[in-house]
Amino acid sequence: MKFFVDTADIAEIRELQDAGLIDGVTTNPSLITKAGRPMRDIVAEICDVTEGPVSAEVTALEAEEMIREGRILAEIADNVCVKVPLTLAGLKACKELTGEGHMVNVTLCFSAVQALLAAKAGATFISPFIGRLDDINLDGMALIADIRRIYDNYGFETEILAASIRTLNHVREAALIGADVATVPPATLKALVKHPLTDKGLENFLADWKKSGQTIG
């Protein structure tokens, strides 16, 4: 499973890229606004940091305007993935933009039939929002499983990008089900490394090494 980091914070992206932990980046209008810089500048810098797909979202609501904005975003760098909402206009824009050879991430997916339509429109990625479903007492992971089965049934190449991930268990379960990508906040991605037994084992190893009086080199 690939990992995308969900942020527009360049410092966080650089740190995780240098550690070899990420395969791409996702952003949205809220994250761009929080970063406090022009969208084009932020997206261009992110695309310089990582070779993987960088999702940049349109803000228009009508299909023709989405397509226009999508083309502008795609001109920033070859690895820009245009992000559109899962609406009828968004699906129309997805079909047009993918037909022109651009990567498209269809976002705000909350049902398996929505995901089916996005795949038929040629989406590169579909972004089902796990955490937001859990927030209203629906099973976000069941949605990932349903989409995986439908895509496998019909041989769709659209990649399942598990989004709105809130917990480490979300990551584990998405991987077990077979999501192609998980996009997670930087703090969650870093937390995947941690385990109390790892910390305890390292503490013991270093204590024993200190007792030996040896050095390396």
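The values are calculated or read from the model by the stated rules, or taken from the named source; none is laboratory data. The structure displayed is predicted, hence computed values, not measured ones. Reconstructed Cβ throughout: ideal geometry from the backbone, glycine too, with neighbour counts over all protein chains shown. Please note that ligands, DNA and RNA were not included when accessible areas were found on the heavy atoms of the full protein model with its side chains. Shrake-Rupley method; radii C 1.70, N 1.55, O 1.52, S 1.80 Å.
Going by the structure shown, is T198 polar (S, T, N, Q), open to solvent by 40 Å² or more (accessible area, probe 1.4 Å) and over 27 Å from C81 (Cα atoms)?
Considered against the rule, which asks whether it is polar (S, T, N, Q), open to solvent by 40 Å² or more (accessible area, probe 1.4 Å) and over 27 Å from C81 (Cα atoms), T198 comes out as yes.
Table: residues versus (1) under 24 Å from T158 (Cβ atoms); (2) of a type in the set (A, V, I, L, M, F, W, C).
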| position | (1), (2) |
| --- | --- |
| K2 | yes, no |
| D6 | yes, no |
| R14 | no, no |
| Q17 | no, no |
| D41 | no, no |
| V49 | no, yes |
| S55 | yes, no |
| A60 | yes, yes |
| R71 | yes, no |
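Within the range 156-170, can one find any residue that is in contact with a Ser or Thr (Cβ under 9 Å, 6 or more places away or on another chain) and farther than 27 Å from V58 by Cβ?
yes
Pull out all pairs, ordered by first then second residue, where Cβ-Cβ is under 7 Å, the residues are six or more apart or on different chains, the first lies in the range 5-18 and is of a type in the set (K, R), and the second is in a helix (DSSP H, G or I) and open to solvent by less than 40 Å² (accessible area, probe 1.4 Å).
R14/V49
Only one of (1) surrounded by fewer than 18 Cβ atoms within 10 Å (Cβ to Cβ); (2) in a loop (DSSP other than H, G, I, E, B); (3) of a type outside the set (S, T, N, Q) fails for G122. Which number is that?
(1)
Looking at the range 133-140, is at least one residue open to solvent by less than 50 Å² (accessible area, probe 1.4 Å), outside any strand (DSSP E or B), at negative phi and of a type in the set (D, E, K, R)?
no
Suppose we filter the range 14-66 for residues that are open to solvent by 70 Å² or more (accessible area, probe 1.4 Å), in a loop (DSSP other than H, G, I, E, B) and under 23 Å from P85 (Cβ atoms); how many remain?
Selection size over the range 14-66: 4.
Can you go through V104, V113 and tell me which one is within 24 Å of A145 (Cβ to Cβ) and over 16 Å from the mean Cα position of the chain (by Cα)?
Only one candidate qualifies: V113.
Is there a residue being within 15 Å of the chain's Cα centre (by Cα), assigned to a helix (DSSP H, G or I), in contact (Cβ under 8 Å) with a residue 60 or more places away in the chain and crowded, with 18+ Cβ neighbours inside 10 Å anywhere in the range 150-170?
Checking the range 150-170: not a single residue is within 15 Å of the chain's Cα centre (by Cα), assigned to a helix (DSSP H, G or I), in contact (Cβ under 8 Å) with a residue 60 or more places away in the chain and crowded, with 18+ Cβ neighbours inside 10 Å.
Against the definition (in a helix (DSSP H, G or I), open to solvent by 60 Å² or more (accessible area, probe 1.4 Å) and closer than 30 Å to I76 by Cα), how does A115 come out, yes or no?
no
For the range 67-89, how many residues are closer than 25 Å to F3 by Cα and open to solvent by less than 60 Å² (accessible area, probe 1.4 Å)?
The qualifying residues number 13.
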